[in-house]
Amino acid sequence: MKYMLLFVGPPTDGPDQAVPQCTVEDWIAYDKQMKDAGIWVSGNALADLTTCTSVKVDADGQRIVTDGPFAESREVLGGYDIIDVPDLDVALDWAARSPGARDGGSVQVRPVAEFGL
């Protein structure tokens, strides 16, 4: 079953702000472990939050585009991986190995819905 691992960075301000301990090399090693295990399907890091653009369509069908960081949360989605593993327990194990699970960050694990199209 495929799962998406969403890497959520720690709050970027406030008293809970952690000093990052993981490095780019940690992420490269984690990616290599997933690829060597044959579970990695796809994934990418995301560009800085300031490059984000949001699109909404209102009830009249008009497009509303918003630039810049606008998230109400102080946490930032930094990237994702899709893995193909036998079950949720294995997906949770891979999430716990991620550098994103350290330093105040978290990893959200969600099954990928496949509609057989």
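Filter the strands (runs of 3 or more DSSP E) completely within the stretch 4-113 down to those with at least 2 residues that are modelled with pLDDT under 90 and not polar (S, T, N, Q).
Numbers: elements: 40-45, 53-57, 63-67, 76-84, 106-111.
It comes to 53-57, 63-67, 76-84.
Touching a helix residue (DSSP H, G or I) at 6+ places or on another chain (Cβ under 9 Å) and exposed (fewer than 14 other Cβ atoms within 10 Å of the Cβ), is that true of PRO111?
When the stated conditions are applied, PRO111 passes them.
Only residues in the stretch 41-70 that are touching a residue at least 60 places away in the same chain (Cβ under 8 Å) and surrounded by fewer than 10 Cβ atoms within 10 Å (Cβ to Cβ) count as the first member; pair them with residues that are in a loop (DSSP other than H, G, I, E, B) and not hydrophobic (A, V, I, L, M, F, W, C), Cβ under 9 angstrom, at least 6 apart or cross-chain, and list the lot.
none
The values are calculated or read from the model by the stated rules, or taken from the named source; none is laboratory data. None of these values were measured; they are calculated from a predicted model. Because the Cβ atoms are built from the backbone with ideal geometry, glycine has one as well, and the counts that use them run over all protein chains shown.
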